[in-house]
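Data block below; observations after.
The values are calculated or read from the model by the stated rules, or taken from the named source; none is laboratory data. Computed from a predicted structure; not experimentally measured. Side chains are part of the model used for accessible areas, which takes the heavy atoms of the whole protein and leaves out ligands, DNA and RNA. Shrake-Rupley method; radii C 1.70, N 1.55, O 1.52, S 1.80 Å.
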Amino acid sequence: MFELIYIGLCLLVGFLGIGRRGGFLLYAFLAVVLTPPGALLVMILLTTRGKKRAKA
């Protein structure tokens with residue numbers, strides 16, 4: 001049962017990675033290797049969405 005929850009969380013992290021640099025496969029793989037919370041942390045740190053700056 002634990003394995004199914006783990007795989008589900010890994011897939012969830014992968015789906016959250018869609019549209020970001022790296023995409024589904026990268027973040028799903030990182031979730032399997034680093035654990036889902038570790039992959040989420042990497043996703044947050046690497047793909048920060050900065051505000052667009054207005055030209056003065």
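Quick rundown of the values:
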quantity: Within the range 37-56, tally of residues that are at pLDDT 80 or above and open to solvent by less than 80 Å² (accessible area, probe 1.4 Å); calculated: 5
quantity: Selected residue (criterion: nearest to THR47 (Cα to Cα)) from residues of the range 1-36 that are in a loop (DSSP other than H, G, I, E, B) and open to solvent by 90 Å² or more (accessible area, probe 1.4 Å); calculated: ARG21
